[in-house]
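The values are calculated or read from the model by the stated rules, or taken from the named source; none is laboratory data. Keep in mind that what you see is a predicted model, and the values were worked out from it rather than measured. With ideal geometry, Cβ positions are generated from the backbone for all residues, glycine too; neighbour counts draw on all protein chains shown.
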Amino acid sequence: MATPVTEVINHLVEGDIVREKTNPIMSGGYYNINKTTVDGSSLQKRALKILCLYKNGNPIVNFTASSNDGWAKVSDSTAYGNERLVAVSSLFDSTAEYTVTYIADKEKYTVNPVSVPVSWEGSFKSAFNDVVATVSVNVKSIIELYVKIKGLGV
């Protein structure tokens, strides 16, 4: 039986994609993740920041400055979003499963609320009275609905 792995994620907010399975693709002697000019290498969402790459569930913690020394993080116009990963082909393990945790460009797939009704009361008593009034209206509506349903013979 596999041993469970506990991982502390220090940065988890709306827009974080945790351990999305990825498929590094070979191009020009290098394996690429999230490069728009390499078909099939892009992540599902635009990556604002790549936080971690995992090989068979084990984190590759330190990205290198050079793709010849390990997985390098690159910020350029070919990244799907702001960042992509690249490594020389000799460092790629074709038998491994690679996953990525990243911060997605949430503006591309979420919607900010246009307006949100907000109200607050000046004191506990007025807040309590407001809640009681709201509950009373809801109870009346439920009773009316119940009577209508009973009248239909349901």
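Miscellaneous remarks
- The lone criterion from (1) over 15 Å from ILE17 (Cα atoms); (2) surrounded by 14 or more Cβ atoms within 10 Å (Cβ to Cβ); (3) at pLDDT 90 or above left unmet by ARG84 is number (1).
- Pick from the range 14-39, criterion at negative phi and in contact with a helix residue (DSSP H, G or I) (Cβ under 7 Å, 6 or more places away or on another chain), ranking: surrounded by the most Cβ atoms within 10 Å (Cβ to Cβ): TYR31
- All positions within the range 62-73 that are part of a loop (DSSP other than H, G, I, E, B) and among the polar types (S, T, N, Q): ASN62, SER66, SER67, ASN68
- Some residue of the range 2-16 being modelled with pLDDT of 75 or more and of a type outside the set (Ser, Thr, Tyr): no
- Of GLY70, GLY57, all but one fail to be free of Cβ contacts under 8 Å to residues at least 60 places away in the same chain, surrounded by fewer than 19 Cβ atoms within 10 Å (Cβ to Cβ) and in contact with a helix residue (DSSP H, G or I) (Cβ under 7 Å, 6 or more places away or on another chain); the exception is GLY70.
- If you go through the range 59-76 and keep only what is at pLDDT 90 or above and under 14 Å from LYS49 (Cα atoms), you end up with ALA72, LYS73, VAL74, SER75, ASP76.
- Counting only strands (runs of 3 or more DSSP E) that fall entirely inside the range 13-61 and contain at least 3 residues that are closer than 17 Å to ASP105 by Cα, the qualifying elements are 16-22, 47-55.
- Of the set (1) of a type outside the set (Lys, Arg); (2) modelled with pLDDT of 90 or more; (3) not in a strand (DSSP E or B), all apply to GLY153 but (2).
- Of residues in the range 40-54 being of a type in the set (Gly, Ala, Ser) and surrounded by 16 or more Cβ atoms within 10 Å (Cβ to Cβ), the one farthest from LEU91 (Cα to Cα): ALA47
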